[in-house]
Amino acid sequence: MTTARIEQDVSRFRQIVRGKVRENLRKYMTSGELIGRQGRDLVSIPVPQIQLPRFRFGRQQSGGVGQGDGEPGTPIGYDPDAPGEDDGAGDRPGEHILEVEVPLEDLARILGDELELPNIQPRGKENIESTVDRYTGIRRVGPESLRHFKRTYREALKRQVSMGAYDQDRPVVIPVREDKRYRSWKTHFRPDSNAVIIYMMDVSGSMYNEKKEIVRLTAFWIDTWLRSQYQKVDVRYIIHDAAAREVDQHTFYHTRESGGTAISSALLLCRDLIRTNYNPAEWNIYLFQFSDGDNWEDDNSRCARLLAQDLLPDVNLFCYGEVQGPRGQSMYTRTLKHLDWDDPERLTLATIGEKDEIYEAIKAFLGKGR
């Protein structure tokens, strides 16, 4: 098999994989198994194997439709030689799932296309634009270092065949100047801006494992999109019950739930973290808070003041995801809906009652392009 054929097959395979990811994106967004296969720049995704249809001939005189009268009560398509439930170990191949590695950049592009997410316009005042050159096409002129050998050879071969100069017994193809093709590039402008994501999660007694798994899945897709939009992304994690503390990623997702709830403790720690480490003039700041909303009643008004006075003026986006409990919409969500704030685009609320609702929550959080 020639190198050109291999490259063509690889390109075709990648297109099929991207199509399968798009087709099953909602399913992947609810799969914790996907996150477990995440590498630094790649993620391993299970894709059903694709096989071409083929005829399979059975044994002669084995009965069945179109082969004799059959026996009364025999189901259509019955194969007497097929192993049954009690026949022990089988000897036939099964259907297997193929795992393929997809770059996180491609995954982010698919996510953006499917959810129609706009590219983010950074708000930092000290952002710098850098340029990135990407090869996007073919042209007739260019430096020899960028000559495309395969395209040049193809043009030379077409010319010789059309002129009747190609000899199959002596297959020599000699390009002339008009045959030469060169790679062309396009300059893309990319913001060299920084972003920080601060996740806050309630770990009080009512936040059991299923709710934390929803948070983990939602955060994975948020990370995937925001990292595709910025050169550098810092991620910080805060957990809280009645008191808040900063933790690492593993502790964030695996802390056992207990205690009461004071959401303002997380907002206070978040405010101090920003003031100490992230100047809003230089950083694009994203806050994502998750809770079931079961907050100490007198604490809701304090949260409203902290958000309106100390946090929302300095951030690109504050998103609250309520991992809904059995009692429906919480008083904390109602408080945020009636928050006295002059820029409603910076505040986004979403209810995530089940894993299937992660898709719509991500669209609500990131669909404003902030």
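What follows draws every value from the coordinates through simple rules; no lab data is involved. No experiment lies behind these values; they were computed from the predicted model shown. For neighbour counting, all protein chains shown are included, and Cβ atoms are generated from backbone atoms with ideal geometry for every residue, glycine included.
A Förster radius of 30 Å combined with the Cβ-Cβ distance from T136 to E101 puts the calculated FRET efficiency at roughly 0.80.
Checked against a 26 Å cut-off, the cross-linked pairs K232/K363; K150/K232; K27/K337; K27/K232; K211/K232; K158/K186 give Cα-Cα distances beyond that limit for K150/K232; K27/K337; K27/K232; K211/K232; K158/K186. By the count of other C-beta atoms within 10 Å, a proxy for reagent exposure, M29, M331, M201 are ordered fewest to most as M331, M29, M201. Taking the Cα centre of segment 167-271 as reference, the dipole from Cβ charges on Lys and Arg (+1) and Asp and Glu (-1) amounts to some 420 debye. When you count the other C-beta atoms within 10 angstrom of each residue and take the mean per peptide, 161-169, 240-248, 310-318, 281-289 line up highest first as 281-289, 310-318, 240-248, 161-169. For K363 and R170, the FRET efficiency from 1/(1 + (r/R0)^6), where r spans their Cβ atoms and R0 equals 45 Å, is about 0.15. FRET efficiency for the N119 to R26 pair, using the beta carbon distance and R₀ = 25 Å, is estimated at 0.65.
With contacts taken as Cα pairs under 8 Å and at least 6 residues apart, segment 191-344 reaches a relative contact order of 28 percent. Remark on A242: its backbone amide H falls under 5 Å from those of G260, A262, a criterion applied only to residues 5 or more positions apart or on other chains, H modelled at 1.01 Å from N. Which of rounded, prolate, oblate describes segment 193-366, given a ≥ b ≥ c as roots of the alpha-carbon gyration tensor eigenvalues and a/c under 1.5 marking rounded, otherwise prolate only if a/b is larger than b/c? Taking the square roots of the gyration eigenvalues as a ≥ b ≥ c, segment 193-366 is rounded.
Pairwise Cα separations in segment 129-189 fall into 10 Å bins from 0 onward with the following percentages, short to long: 22, 39, 23, 10, 5, 1.
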